[in-house]
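Taking it in order: structure first as structure tokens, then the write-up.
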Amino acid sequence: MTRPATQRIVAVLVIGLLLFVWELAVAWGWLRVYQFPPPSRIADGLREMVTTGFPTGITIWSHTLTTLWRILQGYAAAVALAIPVGLVIGAFPTLDRLTASVVVFCRSVATLSLLPLAIVWFGAGELTKVVLIGYGCFWVMLSNVIAAVKQVDPALVRAGRSFGLSGPRLYREVVLPAATPRMFAGARMALGVGFMVIVGAEMIGTIEGLGALIMEARSFYRSEITILGMAVIGLLGFAISGGLGWLQGRLLPWESGLDAVRR
Amino acid sequence: MEDAFRGGIRNAALRHVCVRTPSVMPARVDHDAVAPAFGGAPSDAIIEIDGVTKRFPGRPGPAVTVLDPIVLRIADNAFVSIVGRSGCGKTTLLNILAGLETPSDGEVRIAGIPVRGPGQGQGVVFQQHALFPWLTAAGNVAFGCRDPALSKADRAERAAELLRLVGLEDAAAKYPREMSGGMQQRVAIARALALDPRILLMDEPFGALDELTRIEMQHELLRIWSARRKTVVFVTHSISEALILSDRIIVLAANPGRVILDLDVDLPRPRGRADPALLAHYERIWAEISA
Amino acid sequence: MSGVRAGSDALLGLAGICIALLAWEAAARSGAVDPAIFPSPTQAIAAATARLGLADVAGHAAWSMARVTGGFLLGTVAGVVIGVAAGWYRGFGLVARPLIELLRPIPPLAWIPLAIIWFGLGEPSKLFIIFLGAFFPVVTAAYHGVTNIDPGLIRAAQTFGLRGPALLWRVAIPAAAPDLATGIRIGWGLSFGVLVAAELIAADRGLGYMIINERNTGGSVGVIIVGILIIGMLNLGTDAMIARAIDWKIGRWHGN
């Protein structure tokens, strides 16, 4: 049997065993139900979330969509702004050295620490959350776009020059495509950041959204719904990063080949 | 590349391998250590390769026999080269001698003791130097002195002594990444010698070096060997390298790996690359390999 | 040559910050927005010093730093031990990896409600969240480092008779050190980000608390801004320190 297959089987067995032991442990009183809601209770909670929803009327789909929609708005705005700005900064070394420290500092500001400020400026509504996500995603994406341009293999640039390309044409036809894989990686990183920010941002001042769900559930002692919400968040994160990875494989098939050539 | 030697490199500097001009070699070379005749009468066989074979399971398909039964006896303090094309099993044989691989059949005995695993006191030098990057040259060599009876200071002293032997006393505090390929291999040799091994196994140690450094290192190895006599088993794909260095050349063919020629090279060292006796041996080996 | 370059880089960097600050100052003073809501840097600092004493702020900062350091150390030790063990001992890895991979996609902040359920509202719950922030990057880096060691190094070490735990300790771990260092640096950054959020949501001391408390009690925006800036500078400063330490210990021998 091949190693990956063995690994997968063992993984399934281990997780299955864990769930089984967990269920038993609660049934036998070793673990408290409130702190460790057993899989059976979580399953019940799932049924409830899918039908009537929690808080009443807001199903799990609704929560998920709310969260996704917030991420999407902030993320799209951030990326749309970061790419052109980053390309310009990356193209002019002096500009880069001038702005580098500002970029690094703004990136170092913990995005969620801006939440109170954002509430003062934009109120407690949707805009605040979108702005927050946008902020977090923007600086990460910007750093990566700048790095992507700066780290284009000089050999490629030399090759382009030897064909008589220069200036904007060189930039467009050699530097840009060469920088795209790194920019894609930056886009993935930025989405991850956006995801982390929204989960935190939703914990204050709202009852809709996955982050809000798990907080609300706790204050109503519905710990199984909290765990359910966490699982959905995890699944969502996994799906997002997996989806982007797949997209990268489709859109940039030459990247893996390039790596092999470089080696 | 072999053709260049057959044509005869008339470059005076290369005509006599071990005569060094100060501009080429480090000034501290002790010429006296190089001069005395080598090839004294070897004592009993110290390495016995007794019917060793190696098979790898086919994936899929039938098993691949890398080594057919090899029977060899290697004398103490002899310098033996194993020559062959890539894939003829010479590295596998060396790994078996080092205890890094186990034979499918047969056994290897060193000084009568069967080899059961690595770390039985054989010094090994690899083609990729395999120096520990987080240790300095001195640290790497001291790594080899694993005798618990030695104090840290003693170990450091031994390391310094060995670095002096390989001509690197100034580089003791350098890290591998700060050294050239030739320097790295010298440290690797010093490290292997730190074990004070009975036998030294070398797997194409100069294969990753450029031509000129390689020739320089061949000098160095002979000089070191004359100062610290050991049994050396030297794997190489270069016939000329084997001829310059060894008392005995064992030629392996591929598929399956087997001995097709076992030649004693009874010429005094230092040996000239264009020496007719050497070239005669060369022709003989070349004929066997390409047959 | 590189000294001059580095010097001019630093100068330009500083110039960039000054320009940004001046722009901010100008924008705020232009009076377009109410200074109570959008103060300039000088106004913010003035308001902050009026509201809170230096001792208060320093106290909050100390609490935050203590928390993040504690949680980070716990997460790093656990991450290194588990990651190295999972990489070195195949059986353990087969069991541990699925569990870790299962939990990894869940952001540390999403654990906050559960942490409160398990540990209550006190320090342990916050330490736990920060622990998670450091744990995942470190365990991944440790695993990757141990499983990607140059096999030639292991072979070489074996020829010197090293086996088992000695091999792990003297060779595998130093060889994995560069990867470990990267993971630790990332882990610190994540811990820091998580710290602030954790303090915003459920704390009674610390910089995050200071900020949200100001907002909740309808206080001065200046304090909020100053708090944000302090957090940013602490993050930057500590990251730079870690980078220097790594460079000093590992930079000497690593890299081509």
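How many residues are in a strand (DSSP E or B), within 18 Å of B:Val115 (Cβ to Cβ) and either within 14 Å of another protein chain (Cβ to nearest Cβ) or of a type in the set (Phe, Trp, Tyr) (or both) when one looks only at region B:61-104?
Going through region B:61-104 one residue at a time, the tally reaches 0.
Could you tell me whether A:Leu24 is of a type in the set (A, V, I, L, M), within 27 Å of A:Phe184 (Cβ to Cβ) and in a helix (DSSP H, G or I)?
So A:Leu24 fails the test.
Just to verify a result, which residue in region C:120-129, among those that are in contact (Cβ under 8 Å) with a residue 24 or more places away in the chain and surrounded by fewer than 18 Cβ atoms within 10 Å (Cβ to Cβ), is farthest from the other protein chains (Cβ to nearest Cβ)?
C:Glu123
Looking at A:Leu142, A:Leu236, can you tell me which residue is touching a residue at least 40 places away in the same chain (Cβ under 8 Å), touching a Pro at 6+ places or on another chain (Cβ under 9 Å) and either facing another protein chain (nearest Cβ under 9 Å) or under 23 Å from A:Gln73 (Cα atoms) (or both)?
Just one listed residue meets the conditions, A:Leu236.
Give the residue, chosen from C:Gly145, C:Gly183, C:Gly189, that is more than 14 Å from chain B (Cβ to nearest Cβ), buried (at least 24 other Cβ atoms within 10 Å of the Cβ) and in a helix (DSSP H, G or I).
C:Gly183
Can you pull out every residue in region C:208-228 that is more than 8 Å from every other protein chain (Cβ to nearest Cβ) and either among the β-branched types (Val, Ile, Thr) or touching a Phe, Trp or Tyr at 6+ places or on another chain (Cβ under 9 Å) (or both)?
C:Tyr209, C:Thr217, C:Val223, C:Val226
With the condition being crowded, with 17+ Cβ neighbours inside 10 Å and modelled with pLDDT of 90 or more, I'd like the strands (runs of 3 or more DSSP E) fully within region B:184-291 carrying at least 2 qualifying residues.
So the answer is B:199-203, B:231-236, B:248-253.
Here are A:Gly242, A:Gly200: which of them is under 12 Å from the mean Cα position of the chain (by Cα), part of a helix (DSSP H, G or I) and under 26 Å from C:Gly133 (Cβ atoms)?
From the options A:Gly242, A:Gly200, the qualifying one is A:Gly242.
Taking the stated definitions as given, is A:Gly209 within 24 Å of A:Thr59 (Cα to Cα), small (Gly, Ala, Ser) and facing chain C (nearest Cβ under 9 Å)?
Considered against the rule, which asks whether it is within 24 Å of A:Thr59 (Cα to Cα), small (Gly, Ala, Ser) and facing chain C (nearest Cβ under 9 Å), A:Gly209 comes out as no.
Return the only residue of B:Ala242, B:Ala274 being over 17 Å from the mean Cα position of the chain (by Cα) and in contact (Cβ under 8 Å) with a residue 60 or more places away in the chain.
B:Ala274
Test B:Glu107 against the stated conditions and say whether it is more than 24 Å from B:Ile285 (Cα to Cα) and part of a strand (DSSP E or B).
So B:Glu107 passes the test.
Spot the failing condition for C:Arg252; the list is (1) under 20 Å from C:Glu123 (Cα atoms); (2) basic (Lys, Arg); (3) over 23 Å from the mean Cα position of the chain (by Cα), and only one is missed.
(1)
Could you please let me know if C:Leu132 is farther than 30 Å from B:Val125 by Cα, of a type outside the set (Val, Ile, Thr), part of a helix (DSSP H, G or I) and within 11 Å of chain A (Cβ to nearest Cβ)?
Taking the combined requirement at face value, the residue does not satisfy it.
Go through region A:19-63 and report how many residues are farther than 24 Å from A:Leu213 by Cβ and among the hydrophobic types (A, V, I, L, M, F, W, C).
7
Of the residues A:Ser113, A:Ser101, which single one is among the polar types (S, T, N, Q) and either more than 17 Å from A:Gly200 (Cβ to Cβ) or more than 14 Å from chain C (Cβ to nearest Cβ) (or both)?
Residue meeting the stated conditions: A:Ser101.
Given the residues A:Ala5, A:Ala78, A:Ala82, which is the only one that is loosely packed, with under 14 Cβ neighbours inside 10 Å, of a type in the set (A, V, I, L, M) and in a helix (DSSP H, G or I)?
On inspection, the qualifying residue turns out to be A:Ala5.
Please identify the pairs in which a residue from region B:119-133 that is more than 7 Å from every other protein chain (Cβ to nearest Cβ) and over 20 Å from B:Arg198 (Cα atoms) has its Cβ atom under 6 Å from the Cβ atom of a residue that is surrounded by fewer than 19 Cβ atoms within 10 Å (Cβ to Cβ) and of a type in the set (A, V, I, L, M, F, W, C), counting only partners at least 6 apart or on another chain.
Listed pairs, sorted by first residue: B:Gln127/B:Ala208.
Identify, from the list A:Val152, A:Val174, the residue that is surrounded by 15 or more Cβ atoms within 10 Å (Cβ to Cβ), outside any helix (DSSP H, G or I) and either free of Cβ contacts under 8 Å to residues at least 60 places away in the same chain or at positive phi (or both).
Answer to the check: A:Val152.
What's the number of the condition C:Asp239 fails, among (1) crowded, with 18+ Cβ neighbours inside 10 Å; (2) under 19 Å from A:Val140 (Cα atoms); (3) of a type outside the set (S, T, N, Q); (4) within 8 Å of chain A (Cβ to nearest Cβ)?
(1)
Only one residue in C:Arg185, C:Arg205, C:Arg170 is under 30 Å from B:Arg198 (Cα atoms) and of a type in the set (Lys, Arg), so which one is that?
C:Arg170
The values are calculated or read from the model by the stated rules, or taken from the named source; none is laboratory data. Computed from a prediction, not measured in an experiment: that's the story for all the values here. Note that we place each Cβ from the backbone using ideal geometry, even for glycine, and neighbour counts take in every protein chain shown.
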